[in-house]
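Below: one structure, written as structure tokens.
The values are calculated or read from the model by the stated rules, or taken from the named source; none is laboratory data. It should be emphasised that the depicted structure is a prediction, and the values quoted were computed from it without experimental measurement. Please note: Cβ atoms are built from the backbone with ideal geometry, for glycine as well, and neighbour counts cover all protein chains shown. Areas reflect the complete protein model, heavy atoms only, side chains present, ligands, DNA and RNA absent. Shrake-Rupley method; radii C 1.70, N 1.55, O 1.52, S 1.80 Å.
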Amino acid sequence: MDKITKVEIITRPNKFEELKDALNKIGVMGMTVTNVMGCGVQKGQTGNYRGVAYTPELLPKIKVETVICEVPVELVVETAKKVLYTGKIGDGKIFIYEIANVVRIRNGDEGKVALNNQP
Amino acid sequence: MDKITKVEIITRPNKFEELKDALNKIGVMGMTVTNVMGCGVQKGQTGNYRGVAYTPELLPKIKVETVICEVPVELVVETAKKVLYTGKIGDGKIFIYEIANVVRIRNGDEGKVALNNQP
Amino acid sequence: MDKITKVEIITRPNKFEELKDALNKIGVMGMTVTNVMGCGVQKGQTGNYRGVAYTPELLPKIKVETVICEVPVELVVETAKKVLYTGKIGDGKIFIYEIANVVRIRNGDEGKVALNNQP
Ligand SMILES: Nc1ncnc2c1ncn2[C@@H]1O[C@H](COP(=O)(O)OP(=O)(O)OP(=O)(O)O)[C@@H](O)[C@H]1O
Ligand SMILES: Nc1ncnc2c1ncn2[C@@H]1O[C@H](COP(=O)(O)OP(=O)(O)OP(=O)(O)O)[C@@H](O)[C@H]1O
Ligand SMILES: Nc1ncnc2c1ncn2[C@@H]1O[C@H](COP(=O)(O)OP(=O)(O)OP(=O)(O)O)[C@@H](O)[C@H]1O
Ligand SMILES: [Mg+2]
Ligand SMILES: [Mg+2]
Ligand SMILES: [Mg+2]
């Protein structure tokens, strides 16, 4: 079976439309979006505000998950990086997972073909 | 260690109760449900509405995750397919992952037994 | 490449602050939090309330995901168990996954270093 991969992108909510359009252009149509809250390493700031120590705040983020097979993982990652890069803290993170299988319920397709753009 | 698997089902929100009951009947009690937004391949429609091209809209979906060990993956998948199939676009997708381990916090159970129905 | 692991903790929402502080103290700063609904095995109760059978109710839970490399998985699990344990039903569950790779968008870091606390 061909390798099936999930690319999970966690980034600023206001970047979603641009990210979706860029992914659509490289042939990535299927995706799942979740509103999440997150904190990254924020350069390890534990913070100290007017003498009060604080731990990093949770910020609203979106998680965009896309499971792919034919489109190369590297192309998805490079596309996301191009759209999401500002060079500022909080640009986001990408996590990559292996997936064991995928099924399209409408027609019973499994594996690679379940990710295709088929009737 | 026995193989532990996550079955992730993304489908129409109004199908949840029926899906949960069907899973409960085959012995799958533990599950986690998230409200998500999604688009699938939608037969590759990029769309064109009154001359304006559009990309697939995000629709509200639910993500149902269940981590299993004793109940066979195939039975969970077949059960979900039976409940969720309409033959129309958007019936949903099932993603299958391997899980490295599971812990029940209340009693420290790990692995297969942490998924059992035990005191 | 060093092994990258996701620890996913599903527990009571009101435990979040305490859990985050405990994780921060062992050097785990990055995390993603999702509001979910869940049911566990609940000792297999199918339930019967005034003669009406019911299936386990969904309860509001939080899902805390943290992807780690240098901090040992066992330490994260022990820390979560210490904070979340009450001995009562519903203390929560921990799922452990292997991750294939991680990318920090701001500077292109990949793998282990993308999880570090770096400028
Ligand atoms: N180790 C991690 N585990 C789980 N989620 C993480 C982790 N690191 C980051 N995230 C998620 O990704 C979001 C974006 O992270 P962020 O871009 O701040 O990463 P970072 O490593 O702190 O990089 P930067 O220094 O550029 O801010 C976080 O809000 C959080 O939801
Ligand atoms: N490749 C994918 N990656 C991540 N999520 C996906 C993917 N494909 C589908 N999904 C999720 O599953 C939901 C349901 O997908 P859907 O049933 O429309 O799949 P499909 O492949 O388009 O099949 P159909 O042609 O029957 O509509 C989507 O809204 C999205 O949340
Ligand atoms: N097998 C499972 N698959 C997916 N999610 C699960 C599973 N079991 C539990 N969960 C999630 O974890 C949450 C907390 O589970 P819970 O603590 O009730 O586990 P449990 O095994 O029933 O243990 P206890 O007997 O201590 O209640 C659930 O509400 C659900 O969101
Ligand atoms: Mg950050
Ligand atoms: Mg579709
Ligand atoms: Mg329970």
* **For segment B:4-115, fraction of C-alpha pairs farther apart than 25 Å, in %** => 32
* Pairs from A:25/B:81; A:93/C:63; A:6/B:25; A:3/C:61; A:6/C:112 whose Cα-Cα separation, in the structure shown, is over 27 Å -> A:25/B:81; A:6/B:25; A:3/C:61
* Structure fact -> Rounded to a whole number, the mean other protein chain Cβ count within 10 angstrom for residues of B:102-112 is 6
* Structure fact -> Rounded to whole angstrom, the alpha-carbon centroid of segment A:76-101 lies from that of segment A:1-40 at a distance of 8
* Asked: Which order do peptides C:10-19, B:80-89 fall in by mean Cβ count within 10 Å, highest first?
  -> C:10-19, B:80-89
* Asked: What are the nm distances, shortest first, from residue A:24 to its equivalents in the other copies, labels at 7 Å along Cα→Cβ?
  -> 4.0, 4.0
* **Sequence-distant residues sharing a close amide H with residue B:106 (under 5 Å, placed H)** => C:91, C:92
* **Buried accessible area, chains B and C (both chains, 1.4 Å probe, Å² to nearest 100)** => 2500
* To do: Count the net charge of all other residues whose Cβ sits under 13 Å from the Cβ of residue B:79, scoring Lys and Arg as +1 and Asp and Glu as -1.
  => +1
* Asked: Which whole-number value in Å² is the accessible area per residue of segment C:4-115, probe 1.4 Å?
  -> 43
* Peptide-level mean, for B:65-74, of C-beta atoms on other protein chains within 10 Å -> 1
* Mind checking the mean number of beta-carbon atoms from other chains within 10 Å of the Cβ atoms in C:25-34? -> 6
* Structure fact -> Against the 2.2 N^0.38 Å rule of thumb, the C-alpha Rg of segment A:60-109 sits at a ratio of 1.45
* Asked: Which chain A residue sits with its beta carbon nearest the axis carrying A onto B, and how many Å away is it, rounded to a whole number?
  -> A:34, 4
